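J.: Pasting in a structure now, in structure tokens, and then I'll have a few things to ask.
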Amino acid sequence: AQRVTQPEKLLSVFKGAPVELKCNYSYSGSPELFWYVQYSRQRLQLLLRHISRESIKGFTADLNKGETSFHLKKPFAQEEDSAMYYCALSSPNDYKLSFGAGTTVTVRA
Amino acid sequence: DAEITQSPRHKITETGRQVTLACHQTWNHNNMFWYRQDLGHGLRLIHYSYGVQDTNKGEVSDGYSVSRSNTEDLPLTLESAASSQTSVYFCASSEGTSGGPSNYEQYFGPGTRLTVT
């Protein structure tokens, strides 16, 4: 069975400090991995996907197959990064997503 | 502009009543999904559809049903509402004709907050 674990429910950092959101997964094989974000009063939206290996809004995420992790990182947090972040997984041949429980990030001035 | 809408945005109902939540998308997407969002559980998949007349059960499908009679709509029905179904419900859609799931972002609706008393 596939499972996504986000161990931190809440994360509070100061503006300008690095931020890392942890995501671990269990899956037999090579999954597709994503980070989705929900800003206050906005819809849930895709932040980044591992296959594109891109940096969005300064965030990066590296897939570590040995540790089955896909942690999200940003070197210098900004106040506008305050949001709920979800890690998600899908099978390579499927379109449905399995989400983690989410991490609420608060960036303080 | 193409979009995905949900109605109603807020609903209060009584235990035992049948409730239908609407989801409508104008992107002509093949794939549509229903999730519920609960504190401590994140988003959990209820039902999904990969095309007209196709429906599939997700992780938490008991007590819910869907039907897909056209591309644009995937209504979610709670057969007999229970207090455990108090939640925020999100509908989403994505393409899916070729290329694999990594190419197809899910687009989410604004959500429906359902309270069962």
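J.: Under a Cβ-only charge scheme (Lys and Arg +1, Asp and Glu -1), can you give me the dipole magnitude of chain B about the Cα centre, in debye to the nearest 20?
T.: Result for chain B is approximately 340 debye, rounded to the nearest 20.
J.: Still on this structure, I have one more. Give the relative contact order (percent, whole number) for region B:9-48; include only Cα pairs under 8 Å separated by 6+ residues.
T.: Dividing the mean separation by the residue count of region B:9-48 yields 27 percent.
J.: Report P(r) for region A:52-94: all Cα-Cα distances, bin width 10 Å, range 0 to the bin holding the largest distance, values in whole percent.
T.: Each 10 Å bin holds this share of Cα pairs: 21, 51, 24, 4.
J.: For the pairs A:LYS96/B:LYS57; A:LYS22/B:LYS11; A:LYS15/A:LYS74, flag any whose C-alpha to C-alpha distance is greater than 23 Å.
T.: Cα-Cα > 23 Å for A:LYS22/B:LYS11; rest within.
J.: Right, next: Quick one: what do you get for chain A if you divide its Cα Rg by 2.2 N^0.38 Å?
T.: Working it through for chain A, the quotient is 1.02.
J.: Where does each of B:HIS47, B:HIS24, B:HIS10, B:HIS29 land when they are ranked from fewest to most other beta-carbon atoms within 10 angstrom?
T.: Listing B:HIS47, B:HIS24, B:HIS10, B:HIS29 from fewest to most nearby Cβ atoms yields B:HIS10, B:HIS24, B:HIS29, B:HIS47.
J.: Oh, and also: Considering every residue in A:82-92, what mean count of other chain Cβ atoms within 10 Å of its Cβ is obtained?
T.: The per-residue average across the peptide is 2.
J.: In a Gaussian network model over chain A where Cα atoms closer than 10 Å are linked, find which of A:LYS15, A:LYS74, A:LYS96 has the largest mean-square fluctuation.
T.: A:LYS96
J.: Towards the positive end of the charge dipole of chain B, with charges on Cβ (+1 Lys, Arg; -1 Asp, Glu), say which of B:LEU78, B:TYR50, B:ILE4 has the farthest Cα.
T.: The listed residue farthest towards the positive side: B:LEU78.
J.: Right, next: Over the Cα atoms of the protein assembly as shown, compute the convex hull volume and normalise it per residue, giving Å³.
T.: Given the Cα convex hull of the protein assembly as shown, per-residue volume reads 125 Å³.
J.: Which whole-number percentage describes the relative contact order of region B:4-117, with Cα contacts under 8 Å and a sequence gap of 6 or more?
T.: Once divided by the residue count of region B:4-117, the mean separation gives 36 percent.
J.: Also: Looking at the protein assembly as shown only, what percent of DSSP beta bridges run antiparallel? Nearest 5 please.
T.: 85
J.: Using only alpha carbon positions, build the gyration tensor of chain B, then give the equivalent ellipsoid semi-axes as the square roots of 5 times its eigenvalues, largest first, whole angstrom.
T.: With the √(5λ) rule applied to chain B, the semi-axes are 24, 14, 13 Å.
J.: What is the average number of partner chain Cβ atoms found within 10 Å of a Cβ in A:99-109?
T.: 2
J.: Give me the inter-chain shielding for B:24-36: mean count of other chain Cβ atoms within 10 Å, whole number please.
T.: Partner-chain Cβ atoms within 10 Å, mean over residues of B:24-36: 1.
J.: Still on this structure, please answer the following. If the only charges are +1 at each Lys and Arg Cβ and -1 at each Asp and Glu Cβ, what is the size of the charge dipole of region A:1-64 around the Cα centre, to the nearest 20 debye?
T.: About 280 debye.
Just so you know, all these numbers are worked out from the coordinates, no wet-lab data involved. All values reported here derive from a predicted model rather than from experimental measurement. Quick reminder, even Gly has a Cβ in these numbers, built from the backbone with ideal geometry, and neighbours come from all protein chains shown.
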